[in-house]
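The block underneath contains the structure these notes are about, expressed in structure tokens.
The values are calculated or read from the model by the stated rules, or taken from the named source; none is laboratory data. Since the structure is predicted, the reported quantities are computational estimates derived from the model, not experimental observations. In this analysis, Cβ positions are derived from the backbone assuming ideal geometry, glycine residues included, and neighbour counts consider all displayed protein chains.
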Amino acid sequence: MSSKKFKKNRNNNARKNRQLNREGLGALQKCRFFVYLTFVFDILMMFYAPIAHLFGAKETQILYAIMLMIGAQAIVGSMHIVKYMTTVEIFLSGREKDYANMYASRARFCVLLQFFMITLAIINHVKFDSGIVNMLLSVGGVTLVVLALQNITILQRNYI
């Protein structure tokens, strides 16, 4: 009687673990989607003046809208990385857990550093209005996107 109960509990635990693992990987896929959107908006930030002329809007409105989108996606992407680690951390032990924490921390750092770079871009636009600095910040954002995607890919494919 007790062995049947143990088997039933073990099957329920395995089902719950699979569900948590799927939830964690889903959070990582959402984070990847937000990072791709950040990449698109980083590219758009390089060409905000022609976009403003295309739509007949002020350049500052377009630039601030793009910066707002990048900042929001950076925050949401970081939250999804945290959700991934809290759900998948249960299955990992020892070195795997340490490596997963390291790669998730790197990805979260790259995503949050984009938020800091957007703050620098706003300060640049308000105080200095330098196009070269704005372009360099956009290129830095694209580089951070590539680094974040590299770490997310390592986490998704379990190369740990």
### Task
Sort out which residues of region 129-160 are touching a Phe, Trp or Tyr at 6+ places or on another chain (Cβ under 6 Å) and buried (at least 18 other Cβ atoms within 10 Å of the Cβ), and write them in order of number.
145, 151, 154, 155
### Single match in 138, 105, 130 (criterion: free of Cβ contacts under 8 Å to residues at least 60 places away in the same chain, in contact with a helix residue (DSSP H, G or I) (Cβ under 7 Å, 6 or more places away or on another chain) and of a type outside the set (D, E, K, R))
130
## Note on the structure
Going through region 133-160 in order, the residues found to be under 13 Å from the mean Cα position of the chain (by Cα), hydrophobic (A, V, I, L, M, F, W, C) and within 17 Å of residue 47 (Cβ to Cβ) are 142, 145
#### Entry: Evaluation of residue 38 against (1) part of a helix (DSSP H, G or I); (2) touching an Asp or Glu at 6+ places or on another chain (Cβ under 9 Å) (one fails), failing number
(2)
#### Entry: Total residues in region 88-128, condition crowded, with 20+ Cβ neighbours inside 10 Å and farther than 27 Å from residue 141 by Cβ
1
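Modelled with pLDDT under 95 and under 19 Å from residue 131 (Cα atoms): which single residue out of 61, 73, 29, 19 fits that description?
Unique residue meeting the criteria: 61.
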### Task
Go through region 104-158 and give me each residue that's of a type in the set (Phe, Trp, Tyr) and at pLDDT 95 or above.
109
### Query
Consider residue 49 against the criteria (1) closer than 20 Å to residue 135 by Cα; (2) under 12 Å from the mean Cα position of the chain (by Cα): it satisfies all of them except one. Which criterion is unmet?
(2)
